[in-house]
Amino acid sequence: MTNVETMSTSQNTLQSLKQLVPAPLKRAAKEVHSNRKLRRAIASLAKLPVGEMPTAEMLIDLQNAWDNDGFAARIDLLMEVVQRAATTNGPILECGSGLTTILMGLFAGRRGVKVYSLEHFDEWRAKVLGCIEQFGIPNVDILSTPLRNFGEFEWYDVPLADLPANFSLLLCDGPPGETRGGRYGLLPVMRERLVPNAVIILDDTEREGELEVLRRWQNESSFDVTLYESSNGSFAVLTQAIPVVVQSESSPQVSVVIPAYGVAPYIAATLESVFAQTYTNYEVIVVNDGSPDTEEFEKAIAPYLNRIRYLKQENLGASVARNAGVKAARGEFIAFLDADDLWQPSYLHEQLRFIRDRNSDLVCADATMFGEPETEGQSFMALLMNDAPASDDVSFLQLIDASRCLITSGVVARRAQLLDAGLFDPALRTAQDFDMWLRLALKGARLSYHRQTLLKYRCRPDGLTGDAINSHQRELRVFDKIQSSYDLSATDREEVLHVIRDRRALLHFELGKLYAARGDFEKARDSFAESRRLKPALKKSAAVWLMRSAPRLMQLICARRV
């Protein structure tokens, strides 16, 4: 008998044996297997420290384990929901329950943010609620809300008296599309409970019914809308819009935008460096991002109030703060400055000369680093891109592979290009600047740098940039976004994913060294193993082996090298 015949006979025998197994037993075995997969997937997510984002692979594992016959939410939507849930500080309302309910409990509920889900289908509510209770996912309330006739439309019969007065994030994935009015009822019923800058995620916008809902909402309220489209479907992110200032002939040429959070000791020196500029046709916009030191901060800026435009918001992150500044700006150019960094007096003069001479959309200057002994006096670009020419353009791939790096306080950009790119992503509490430069490059904007040192960059672990581990994790989160939502052609995607894979491998190896040096051996092992999986190498296998067999020795080795 040939090997092929033997294999065929074995397969037929196995098939015959399967047919002998009773259907209820098959279903029970499948349920046990699915529950085990779901437990593993949820456990891996629950192990992440609060604030750390999951990888796309972790979400794919959860999606596969959920086993909802093809109706589970798409990975790009799940990634968006996780990023929003991990950064939203106010209550969350979900229309319809499911996999996203679990994720919001894991990434918002664990931070103490309450999640409310509206569900009209009692059997489905019981399934999701059972999962929430089984895995101890906190701060999630799934409300039984039958559909109600509101005249023009049907929507959930919401127990408003049992809900908070305000919601910061709303996920609209229900009621079903065939419901009269579709998902339209969210806005008229809940409008008064939306905080300023509230975000609504509307799923399934590839369908005409949901597109019509989106059009009606835009006609009735002012929203900034971003559509995320893929071959599997699309969704929209709506943010209550801040009116954009229109430029006039009397407008300043440059708007300096300074987001501020926890910087009371530094802001006066930063403002002094701005007011010492040799170029003077500018305005200064300071945005207080709900800072806990507001009382001290406002005392520090009091002498400058007649020379700045001062905006305040709740703590929504640097993305929203910078976006508020850009929208309020009157200048043709936006000069970004973190509230603890310092410009040289010639900064604006040299940057404007360079951006005009090169006809660029964005330019970046070099910085001298200060504040930490390890990097005191070093050049930012010498440290991160020492082989780069004195000046050049920056490509999308160069940003991804980190052969070119931009420092936000050294960036001057055309305001029109920033608005056209959709501004900074509010879902990204960190690395929003890296994501912004990538999206500009992808849209064809000309990004350039020059290695003229025109500013001083303050290094401090609690600043907007943070320590090395946070820096690597921020970069990895942007890679997740690129893979899940960037609009790339098939050819470009293949090239980009190859570069990302190599960069991920490097970052995980560096994370492994950092974790090992601080004695976090489990994370070190996982990081070294992930780096080896992405791009195998002998030194990575050696690192994994050492972490398993001699972790203290590996800690000593890494402590000397980081």
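Okay, here's what the table says:
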quantity	calculated
Residue match in the stretch 284-294 (condition: surrounded by 17 or more Cβ atoms within 10 Å (Cβ to Cβ), over 32 Å from the mean Cα position of the chain (by Cα), in a loop (DSSP other than H, G, I, E, B) and assigned by TED's automatic domain parsing to the domain that holds Phe336)	no
Sole residue being under 30 Å from Leu442 (Cα atoms), surrounded by 16 or more Cβ atoms within 10 Å (Cβ to Cβ), in contact with a Phe, Trp or Tyr (Cβ under 7 Å, 6 or more places away or on another chain) and touching a residue at least 60 places away in the same chain (Cβ under 8 Å), chosen from Ser527, Ser485	Ser485
Hey, Phe479 in a loop (DSSP other than H, G, I, E, B), crowded, with 21+ Cβ neighbours inside 10 Å and at pLDDT 75 or above or not	no
Exclusive hit being part of a strand (DSSP E or B) and buried (at least 17 other Cβ atoms within 10 Å of the Cβ), set Leu311, Leu271, Leu227	Leu311
Test for Arg353: is it out of contact with any helix residue (DSSP H, G or I) (no Cβ under 6 Å at 6 or more places or on another chain), farther than 17 Å from Gly410 by Cβ and among the basic types (Lys, Arg)	no
Unique match (being in a strand (DSSP E or B), among the β-branched types (Val, Ile, Thr) and either crowded, with 24+ Cβ neighbours inside 10 Å or assigned by TED's automatic domain parsing to the domain that holds Pro175 (or both)) among Ile142, Ile102, Ile137	Ile142
Subset tally (residues that are touching a residue at least 12 places away in the same chain (Cβ under 8 Å), assigned to a loop (DSSP other than H, G, I, E, B) and more than 14 Å from Arg193 (Cβ to Cβ)) for the stretch 152-176	6
Strands (runs of 3 or more DSSP E) enclosed by the stretch 356-453 - at least 1 residues per element that are over 25 Å from the mean Cα position of the chain (by Cα) and surrounded by fewer than 18 Cβ atoms within 10 Å (Cβ to Cβ)	362-370, 391-394
Matching residues in the stretch 534-546 - criterion: being surrounded by 15 or more Cβ atoms within 10 Å (Cβ to Cβ) and under 31 Å from the mean Cα position of the chain (by Cα)	Leu534, Lys535, Lys540, Ala543, Val544
Check on Gln83, touching a residue at least 24 places away in the same chain (Cβ under 8 Å), within 19 Å of Thr430 (Cβ to Cβ) and of a type outside the set (Ser, Thr, Tyr)	yes
Any hit, the stretch 343-356, residues being without any contact (Cβ under 8 Å) to a residue 40 or more places away in the chain and not basic (Lys, Arg)	no
Whichever residue in the stretch 74-98 is assigned to a helix (DSSP H, G or I) and of a type in the set (A, V, I, L, M) and, among such residues, is nearest to Asp204 (Cα to Cα)	Leu77
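The values are calculated or read from the model by the stated rules, or taken from the named source; none is laboratory data. None of the values given here were measured: they were computed from a predicted structure. Neighbour counts are summed over all protein chains in view; Cβ atoms, including those assigned to glycine, are modelled from backbone coordinates with ideal geometry.
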